[in-house]
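In what follows, a single structure is set out as structure tokens and then discussed.
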Amino acid sequence: MTLQAEKPVEDGKSEHWLAVRPRLILASAFMLFLELALIRWTGSNIVHLSYFTNFVLLGSFLGIGLGFLRVGRSKRQPYYSPVVLSLLVIVVLLFPVTVDRNTEGVLYWTSLATTGPPAWLILPIIFCAAALALMGPAELVGRCFPELPRLEAYRYDLIGSLTGIAAFTALSFLSAPPVFWGVIAAACYGVLLVPKPRTLYLALVTVPSLAVVALLLTETLTAGAIWSPYYKVTHRQFQQAGVPVTDIAVNGIPHQQAVPAQVRLQWEAQYGLPYERAVAKPNDVLIVGAGSGTDVAIALSKGAQRVDAVEIDPKLRELGGSVHPDKPYSDPRVTTHITDGRAFLERTDKKYDLILFALPDSLTLVSGASSLRLESYLFTEEAMKAARAHLKPGGAFSMYNYYRESWLVDRLALTVQTAFGHKPCVDVVSLAGQQAVITAGDTLQAQRCDVEWPGAVAATPQPAGDDRPFLYLKDRTIPPIYLITLSLILVVSLLAVRFVAGPYRRMRPYADLFLLGVAFLLLETKSVTGFALLFGTTWVVNAIVFAGVLVAVLAAVEVTRRFRTPPLPVMYGVLLAGLLLAWLVPNTWLLSLPVPLRALAAVTVAFLPIFAANVVFAKRFSDTADATTSFGANLLGAMVGGCLEYLALVIGYQGLLIVAAVLYLGAFALMPRKTALA
């Protein structure tokens, strides 16, 4: 029995052939599926997007908010969406981009030239196209809301969103290429858009949808790509001086080479330096970032008896197993672990003679998390201490890569020094590109340096920590390139809202819902990054967390629908108490717990404020006079929250909880007085 009163169904019956509830579920599932697919696919071809964090996500939020605000202002079907999607696919396939990694303030391992349109041209096109493409499904979702009671509509919207996540996760698990995403999009457009008039439907829906499928099929058949959950992986095999070589690129960026171990040591002697600097014989070796297997093959050639090879990407591991000339993964001495390196260190009880971080540069980010790369938690002071804790007496830790800036080498060496309590060996092999090897023994006697490292210069940044794991950010600031980009996004959004939705006064009564959306996105970011630290940055963890957030929201809606919940002031108090609990519980304590207890504690700490926040939203939303406008205001707030995520670069992820608390207090202050006792 529902104790919470809801607004009556508004006039606005649809002429759609599909009943409103299944239509709402399908439209919501399609909306979220299309958002995830666009983030994944555009980032694989326009690699600027691998570093501009949530750029497409912000465009998607804008489009979804605009779609809801457009409901009631036009009765025309959103035929523009498949047209825009097809044009976006054409532009991306015709003008792919490789990233310019020379940009100051957004630092990368190496330097490559840019090919394709410049960032200032292609990124605005993708942002606007993503917004327009998502606006269509959102409008279809919004048109269902007036036909149902508020919370029932929201309930089916959440069920649809969970369905969309499940579908995309299943395709990721199956490594399905983008043509399957295109087929699903075409089918959804075909079912959801009313085919009248037929000629217009054929020209604006059928033809563009089929074009998307055909273009993605062409890409699938011609690129020779393997689609992992993280990358579009391509490779080419050739002979170099009689040596078999396999070049592997991810998302258009050269990433790895599979070559025989002895040849790699001849070409680049630094790969053997960890074994020269470590005193202990490397019987038990851990390699984080095993990739296609060359580092594993070198360890075997150096006499390793047991090798744990940790690689986050299953397809890179499979590719190494099939193309590496030494076949290291077929060796019985090697055990493969498909997981995040930091998560492996936090879970295993094994001890090693040598732990290697072997070029673990992911070149991609955790979806939906501000500036968090897949390997970010590997380079913090806490991670180095975890590595030291897994060394046998007399064992050694080593890491090597190509560092574009000398201060990066010093920062990492300083991090190792802080974690191990003594200076490491630092070998800068090449001044061009700052190719370096950093090695530290469990004790000073467990390492043998060729030359003593003089220590970090005065201007070297302090070690990165788990709360601010931004290794490549030299100063505690938001880089100007991000500030300019976010400012332009907000200006474009303001103009778009005014053009699509009319005067801003329509949303004025829902200012508190807008702030609820801003704060909730920050809570979601904190949850994603927190679980990434506790359980790994793998795509599985990421999908589970996003699904868990939606389940918590759905649970809040069901509780609000079926039971009499406390008044809003009380729920705001519970929400603030949940934020305080999340602030007080340190990650170090959670990491010290066994995995089952860690999961229970993490879920309680993370989802208590999320649940309370959504009880607040559900109670407030059920009392609104205009379902689509109020929901649209909330979604636009989420987009602004996506911009505020970048505050973590300055204040850390824990600091986002304070920002969220201030925003929730603002929402409480703006709440209409008549709803305070609801």
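Bear in mind that the values in this text are calculations on the coordinates, not laboratory data. Just so it is clear, the structure is predicted and the values come from calculations on it, not from any experiment. Cβ: placed from backbone, ideal geometry, glycine included. Neighbour counts: every protein chain shown.
Using just the helices of the chain, give the 222 nm mean residue ellipticity in deg cm²/dmol: DSSP H runs with n ≥ 4 each add -39,500 (n - 2.57), and the total is spread over all residues, rounded to 500. Working shown, then result.
Working: 23 runs with 365 residues, N = 678.
Mean residue ellipticity at 222 nm (helix-derived): -18000 deg cm²/dmol.
So for the chain, averaging the separation of alpha carbon pairs under 8 Å that are six or more residues apart and normalising by length, what relative contact order in percent results?
Values: 1254 pairs, mean separation 110.5, N = 678.
Here the relative contact order equals 16 percent.
Roughly how tilted is helix 314-323, in degrees to the nearest 10 and between 0 and 90, from the longest Cα axis of the chain?
40
Under the rule a/c < 1.5 gives rounded, and otherwise a/b versus b/c splits prolate from oblate, where does segment 151-254 land using the Cα gyration tensor?
Cα axes put segment 151-254 in the oblate bin.
Antiparallel DSSP bridges in segment 265-377: what percent, to the nearest 5?
5
So what is the relative contact order for segment 190-295, in percent, with contacts set as C-alpha pairs under 8 Å and at least six apart?
Averaging sequence separation for qualifying contacts and normalising by length gives 14 percent for segment 190-295.
Where does the charge balance sit around residue 653 when Lys and Arg score +1, Asp and Glu -1, over other residues with C-beta under 9 Å from its C-beta?
0
Round to the nearest 10 and give me the degree value, 0 to 90, for the angle of helix 207-223's Cα axis relative to the longest principal axis of the chain.
10
Nothing charged except the Cβ atoms of Lys and Arg (+1) and of Asp and Glu (-1): what's the magnitude of the dipole of the chain about its Cα centre? Round to the nearest 20 debye.
The dipole magnitude comes to about 1800 debye.
Restricting to Cα pairs below 8 Å that are 6+ residues apart, what does the relative contact order work out to for segment 566-625? Please round to a whole percent.
Values: 32 pairs, mean separation 31.2, N = 60.
The value is 52 percent.
Farthest toward the dipole's positive end in the chain, which of 377, 132, 537, given Cβ charges of +1 (Lys, Arg) and -1 (Asp, Glu) about the Cα centre?
Checking the options against the dipole of the chain, the answer is 132.
If you average the alpha carbon positions of segment 594-651 and of segment 292-350, how far apart do those two centres end up, in angstrom?
Segment 594-651 and segment 292-350 have Cα centres spaced 39 Å from each other.
Express in whole angstrom the spacing between the alpha-carbon centres of segment 538-564 and segment 53-81.
So the separation of the two Cα centres works out to 24 Å.
To test your reading of the geometry: what angle, between 0 and 90 degrees and rounded to tens, separates the Cα axis of helix 150-173 from the longest principal axis of the chain?
Helix 150-173 sits roughly 30 degrees off the main axis of the chain.
If amide H atoms are built 1.01 Å from N in the plane of the peptide, which residues on other chains or at least 5 residues away come under 5 Å of the amide H of residue 359?
400
Using the Karplus curve 6.51 cos²θ - 1.76 cosθ + 1.60 with θ = phi - 60°, work out ³J(HN,Hα) for each residue of segment 488-493 in order, rounded to whole Hz, and write x for Gly and Pro.
For segment 488-493, the Karplus curve yields 5, 4, 5, 5, 4, 5 Hz.
Multiply the residue gap between residue 237 and residue 570 by 0.36 nm, knock off their C-alpha separation, and tell me the result in nm, one decimal place.
Details: separation 333, 0.36 × 333 = 119.88 nm, distance 6.45 nm.
That pair, residue 237 and residue 570, stretches by 113.4 nm at full extension.
For a quick check: with amide H placed at 1.01 Å from N, whose amide H comes under 5 Å from residue 464's, ignoring anything fewer than 5 positions away on the same chain?
381
Just checking the chain: which Cys have no other cysteine's beta-carbon under 4.7 Å?
Within the chain, the cysteines lacking a partner Cβ under 4.7 Å are 128, 144, 188, 643.
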